[in-house]
């Protein structure tokens, strides 16, 4: 019988721990969230981030910019926020409109305020095992595994997907936890056979219900990063949940699995950024 990994419950635990810490230590943090254009999904995410800040007791500032905002205007705003001592974390909601180069935007955010963990300096720190900000979704998956009592060490871990935001950092985190890691993608030959060897399978391929029971080893832990809206309005992941669940030992649902963890880990990074800053100030 499989166990459901409840991301809502675990994310609430993490936010409650942060709330206590912020109150006890008197941590002063402010997250600046920039949204360019009015993409409905982005607006929902931005709203959820503001609510999470309020819940744990830190400040948030939001900058809702029109679709026609130029790249230069956005870079100027980031420069101002980098220089603003009251702002401890900066996040630009992706995707940005096509006329703006998201790489330039990510690179402009100070690595010390890069709470999304996308800046090359933070990615580099993750690669070589140094401290920095880790991309929120993969960091959240590690918390889901750890708090569910799932051991990574010595396990065969397969990550399906190689994005900079999920697939690559996920592989690095599993490797750091002493997993034996294979990264697959849409061009991988014998994908089903490779997935069938996984003790821990992370599906971040971006295709609805692609991972069926044919990809699953009996007793595997299955983490579903995907989220898609079907024609009937219901949400589904990259994993065909009903087809796969009875073969697994643990599985995340969609919604309510990985999704809530992303915002919880963003809050972890916000508190860490503020904490780092006050340590640096005190050390001067």
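The values are calculated or read from the model by the stated rules, or taken from the named source; none is laboratory data. Since we're looking at a predicted model, the values are computed, not measured. Every residue, glycine among them, receives a Cβ derived from its backbone with ideal geometry; neighbour counts consider all protein chains shown.
Kindly list the number of the only condition in (1) surrounded by fewer than 16 Cβ atoms within 10 Å (Cβ to Cβ); (2) more than 18 Å from residue 113 (Cβ to Cβ) that fails for residue 244.
(1)
Test residue 174 against the criterion of being under 19 Å from the mean Cα position of the chain (by Cα), under 23 Å from residue 253 (Cβ atoms) and without any contact (Cβ under 8 Å) to a residue 40 or more places away in the chain, and give yes or no.
It is true that residue 174 is under 19 Å from the mean Cα position of the chain (by Cα), under 23 Å from residue 253 (Cβ atoms) and without any contact (Cβ under 8 Å) to a residue 40 or more places away in the chain.
Would it be correct to say that residue 231 is surrounded by fewer than 24 Cβ atoms within 10 Å (Cβ to Cβ) and either modelled with pLDDT of 95 or more or closer than 16 Å to residue 144 by Cα (or both)?
Details: surrounded by fewer than 24 Cβ atoms within 10 Å (Cβ to Cβ): yes; either modelled with pLDDT of 95 or more or closer than 16 Å to residue 144 by Cα (or both): no.
When the stated conditions are applied, residue 231 does not pass them.
Restricting to segment 35-55, name every residue that is in contact (Cβ under 8 Å) with a residue 12 or more places away in the chain, touching a strand residue (DSSP E or B) at 6+ places or on another chain (Cβ under 9 Å) and surrounded by 14 or more Cβ atoms within 10 Å (Cβ to Cβ).
Correct list: 35, 36, 37, 42, 45, 46, 49, 50, 52, 53.
Could you count how many residues in segment 244-275 are touching a strand residue (DSSP E or B) at 6+ places or on another chain (Cβ under 9 Å), farther than 21 Å from residue 165 by Cα and not assigned by TED's automatic domain parsing to the domain that holds residue 146?
Residues that pass the stated criteria total 1.
From the list 147, 162, exactly one residue is in contact with a strand residue (DSSP E or B) (Cβ under 7 Å, 6 or more places away or on another chain), assigned by TED's automatic domain parsing to the domain that holds residue 195 and either surrounded by fewer than 21 Cβ atoms within 10 Å (Cβ to Cβ) or over 21 Å from residue 184 (Cα atoms) (or both). Which is it?
Criteria check complete, one pass: 162.
State whether the residues of segment 56-68 include one that is in contact with a helix residue (DSSP H, G or I) (Cβ under 8 Å, 6 or more places away or on another chain), in a helix (DSSP H, G or I), surrounded by fewer than 17 Cβ atoms within 10 Å (Cβ to Cβ) and touching a residue at least 12 places away in the same chain (Cβ under 8 Å).
no
Determine, yes or no, whether residue 32 is in the same structural domain as residue 80 (by TED's automatic domain parsing), buried (at least 20 other Cβ atoms within 10 Å of the Cβ) and outside any helix (DSSP H, G or I).
yes
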